[in-house]
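The values are calculated or read from the model by the stated rules, or taken from the named source; none is laboratory data. Fair warning: this is a prediction, and the values are worked out from it, not measured in the lab. Here the Cβ is made from the backbone with ideal geometry for all residues, glycine too, and neighbour counts use every protein chain on show. The area values use the complete protein model at the heavy-atom level, side chains included, leaving out ligands, DNA and RNA. Shrake-Rupley method; radii C 1.70, N 1.55, O 1.52, S 1.80 Å.
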Amino acid sequence: EHFGLTASTFNDLAPHAHLMHPGPVNRGVELDNSAIALDRCLIQQQVNNGVWTRAAVFQHLLDPNNAPTA
C-alpha cells in the first residue's frame, strides 16, 4: 500500500524514466496494473530478452563450441 508503484506515482518520476522488473510481477502488491500498462513500462521486453539471454548461456554451458558469437 505504501511502497507499491502505481501509474500516478510513476508519472511523478522524470519523463525519461522507464519501468523495469525482472518478473514475475506481484500485481497489486509491488506494481499496480495501471503502472504495468504504461508506455514506459519495459517489463515484457525485459522478460523476453531474459529468455534469449538465458538460452544463450545454457547453450554455451552445454556445448561451448556451438555457442553464438557476438
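Grab the DSSP H runs of the chain that are 4 residues or longer, score each as -39,500 (n - 2.57), total them, divide by all residues and round the 222 nm result to the nearest 500 deg cm²/dmol. Write down the numbers at each step before the final one.
Numbers: 3 runs with 28 residues, N = 70.
Mean residue ellipticity, 222 nm, calculated: -11500 deg cm²/dmol.
If amide H atoms are built 1.01 Å from N in the plane of the peptide, which residues on other chains or at least 5 residues away come under 5 Å of the amide H of residue 19?
Under 5 Å from the amide H of residue 19 lie the amide H atoms of 41, 42, each far enough along the sequence or on another chain.
In the set [x] 56; [y] 35; [z] 39, which value of percent of Cα pairs over 16 Å apart was calculated from the structure you see?
Recomputing percent of Cα pairs over 16 Å apart here picks out [x].
In whole Hz, with x marking every Gly and Pro, tabulate ³J(HN,Hα) for segment 38-46 from phi via Karplus 6.51 cos²θ - 1.76 cosθ + 1.60, θ = phi - 60°.
With the stated coefficients, segment 38-46 comes to 5, 5, 8, 7, 10, 4, 5, 5, 5 Hz.
Per residue, how much accessible area does the chain have with a 1.4 Å probe, in Å²?
Numbers: 5590 Å² over 70 residues.
Heavy-atom accessible area per residue stands at 80 Å².
When the chain is fully extended, how far beyond the present Cα-Cα distance does residue 47 get from residue 9, taking 0.36 nm per residue of separation? Walk me through the intermediate numbers first.
Numbers: separation 38, 0.36 × 38 = 13.68 nm, distance 2.29 nm.
Once the chain is fully extended between residue 47 and residue 9, it gains 11.4 nm.
At 7 Å along Cα-to-Cβ for each site, give me the label-to-label distance between residue 63 and residue 38 in nm.
Placing both labels 7 Å along Cα→Cβ, they lie 4.3 nm apart.
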